[in-house]
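See structure below.
The values are calculated or read from the model by the stated rules, or taken from the named source; none is laboratory data. Bear in mind the structure is a predicted one, so any value in this text is a computation, not a measurement. Because the Cβ atoms are built from the backbone with ideal geometry, glycine has one as well, and the counts that use them run over all protein chains shown. Surface areas here come from the heavy atoms of the whole protein model, side chains and all, with no ligands, DNA or RNA. Shrake-Rupley method; radii C 1.70, N 1.55, O 1.52, S 1.80 Å.
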Amino acid sequence: MVTRVVMKRFPENGPVPQRIRMLQGGLIALMSAPLGALWAASPPPLVPAIPGAQLSALKPPALSPELAASLQAAQPTGSALTAPSFNDTALGASNPPALEPVPAAPTVVDVQRAERHLKHLRAQVRSTQVAEAGAVGAGSASHVRSRMVFAYLEGSLYEIYTAPDRLTTIELAPGEHLTTDNGKPKAADAVQWIADTVAAGEGAGLRTLILIKPLVSGIETNLLIPTNRHVYNLILKSASAAYMPLVAFTYPQDEARSADEALKAEDARTQSQEVLHAAPDALHFNYAIKGPRVTWKPLRVLDDGSKTYIQMNPALKVSEAPALFALDEHKDPLIVNYRVKGEWYIADRLMDRAELRIGAKDVVEIQRER
């Protein structure tokens with residue numbers, strides 16, 4: 001039977017002298033120590049156990065003179081050929097560094113908490129981006145003498161600089177007034193800021209002025225000014241070195257809207273009127289109007305030699321409008337191309353006989369007299 005002794009493995013990549021010394025010490029320990037003790041120190045798991053009495057009787061073979069001389073020559077000068085003990089320090093291995101503890105895997109609660117925190121941070125970043133995108137500072141304003149003039153755009157935030165020892169006046173448009181319960185603007189910080197209103201002018205030129213003053217420097221708040229026409233959102237900043245004495249607004253959207261409404265009104269007037277290109281002596285009023293007394297019965301009928309004009313009752317605006325037909329020699333109705341201009345029916349032809357009707361009962365006849 002063959003008996004094996006398992007020894008600790010030495011580093012293969014260490015310095016050559018150290019590796020040689022470790023090899024020497026291992027061989028000497030193997031030969032000098034009782035084989036049973038070595039086996040008992042680290043028995044291999046795959047070799048069956050052998051009684052200690054039998055192991056103690058076994059003697060390691062002696063070194064040959066040539067091997068002993070080679071090992072002694074490899075020793076450093078003045079050192080003895082000794083057998084080190086079998087431990088990591090004797091084998092020349094350095095103590096490994098202490099490992100950091102492995103963190104525990106996150107739980108479902110930890111993940112949910114982290115997701116909520118991330119969502120909150122994203123909301124803060126988005127809110128800041130939106131506020132900065134809508135902010136309008138002094139660099140975007142024009143000025144007239146000491147008045148800072150902002151172009152009003154709905155949804156914008158206007159930065160207004162104030163000072164503790166100064167008064168900032170905000171001018172609203174003529175006819176514009178606050179709609180709050182007490183007629184005053186609403187400030188987020190009503191303790192360190194003073195906001196009040198006064199009126200100036202009279203009649204159509206009556207204006208509301210808003211007075212703003214901070215109590216200390218280096219503070220900031222926001223101010224809401226709801227009126228019957230606009231909603232102003234202001235960012236108030238208190239700085240002793242800079243302030244705006246007068247603040248006003250222009251209203252490009254309102255001006256564009258007013259211009260568009262005026263243009264539409266002019267178009268409506270144009271559509272409701274038509275120029276009569278005829279001399280007064282060229283007009284013919286020889287038309288007879290017959291029929292029941294309905295609200296839409298014409299007031300008069302005339303022609304200028306090429307067109308027929310029928311003036312309707314103004315009550316037609318609130319009642320159903322009749323249709324116009326021309327009558328042939330057999331009194332059969334014919335469709336007529338006509339248009340309505342205000343209270344006038346205008347047909348681009350002359351008609352000896354015509355009729356206005358709503359259904360089959362309400363019929364008004366028009367006949368030209370020779």
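At a glance:
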| item | result |
| --- | --- |
| Selection within the range 136-163 - in contact (Cβ under 8 Å) with a residue 40 or more places away in the chain, closer than 21 Å to Asp254 by Cα and open to solvent by less than 40 Å² (accessible area, probe 1.4 Å) | Val149, Phe150, Tyr152, Ser156, Tyr158 |
| Thr295 within 30 Å of Gly175 (Cβ to Cβ) and at pLDDT below 90 | no |
| Positions within the range 283-329 being surrounded by fewer than 17 Cβ atoms within 10 Å (Cβ to Cβ), part of a loop (DSSP other than H, G, I, E, B) and among the charged types (D, E, K, R), in sequence order | Arg293, Asp304, Glu320, Asp328, Glu329 |
| Tally, over the range 138-153, of residues that are in contact with a Pro (Cβ under 7 Å, 6 or more places away or on another chain) and either in a strand (DSSP E or B) or within 20 Å of Arg257 (Cα to Cα) (or both) | 1 |
| Positions within the range 308-323 being touching a strand residue (DSSP E or B) at 6+ places or on another chain (Cβ under 6 Å) and closer than 25 Å to Ala278 by Cβ, in sequence order | Thr308, Tyr309, Ile310, Gln311 |
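Residues checked against (1) surrounded by fewer than 12 Cβ atoms within 10 Å (Cβ to Cβ); (2) more than 25 Å from Gly134 (Cβ to Cβ); (3) free of Cβ contacts under 8 Å to residues at least 24 places away in the same chain:
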position: Thr168; (1), (2), (3): no, no, no
position: Ala173; (1), (2), (3): no, no, no
position: Gln192; (1), (2), (3): no, no, no
position: Gly203; (1), (2), (3): yes, yes, yes
position: Leu206; (1), (2), (3): no, yes, no
position: Thr221; (1), (2), (3): no, no, no
position: Ile225; (1), (2), (3): no, no, no
